[in-house]
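Okay, structure first, notes after.
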């Protein structure tokens, strides 16, 4: 499909993003609520018969915490809206699937960076080897990186929602580079903060 930003100068991207968010079937307040509930439950959960706790006994890497968010957010929406929302079932689907209309499905990205989010190199190579479209709605969650095993629990620092096109992703110049990033303009105008941080 063509980009909803086609023909728009960057200074008009923010208004277009607001329009796209307003058309989405999920309210931003509920998205924020679910992200916060899931994040808090990760740290409240008990693991194994020893009742080990994340942030007390276990200190996962940002990748592991991101994995939990990536899996649990879709599960929470699936539980709230059975038959309407579900998590991905195939590699061709977004992370959170809107069953009535896949256009509103959401890709979830997490990062322990203060503001940026990243994708793997395939995000900058639409049509070559990618199995699912890299264009569409994105939920971006930035959280604190734990500075050590005696520190307080990490917090969510930024929750953004918006629309990205596959052309927005820039691959690393080096042939061996495995990361894709967004420009500052794209992060500023196409991913908008949707709730206050705690």
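Every number in this text was worked out from the coordinates using simple rules, so none of it is lab data. Only a predicted model underlies this, so the values are computations on that prediction, with no experimental measurement involved. Neighbour counts run over all protein chains shown; Cβ positions are idealised from the backbone, glycine included.
Grab every C-alpha pair in the chain, bin the distances at 10 angstrom width from 0 up to the longest one, and report whole percents.
With 10 Å bins starting at 0, P(r) equals 8, 34, 37, 18, 3, 0.
May I ask you to compute the full-extension gain from residue 75 to residue 103, defined as 0.36 nm times their residue separation minus their alpha-carbon distance, rounded to one decimal in nm?
Full-extension gain reported as 8.2 nm.
Could you give the nm distance between label points at residue 43 and residue 6, where each point is 7 Å from its Cα heading toward the beta carbon?
About 4.5 nm separates the two model spin labels.
Output the antiparallel fraction of DSSP beta bridges having both residues in the chain, as a percent to the nearest 5. Each step should come with its number before you reach the end.
Details: 21 of 28 bridges.
The answer is about 75 percent antiparallel.
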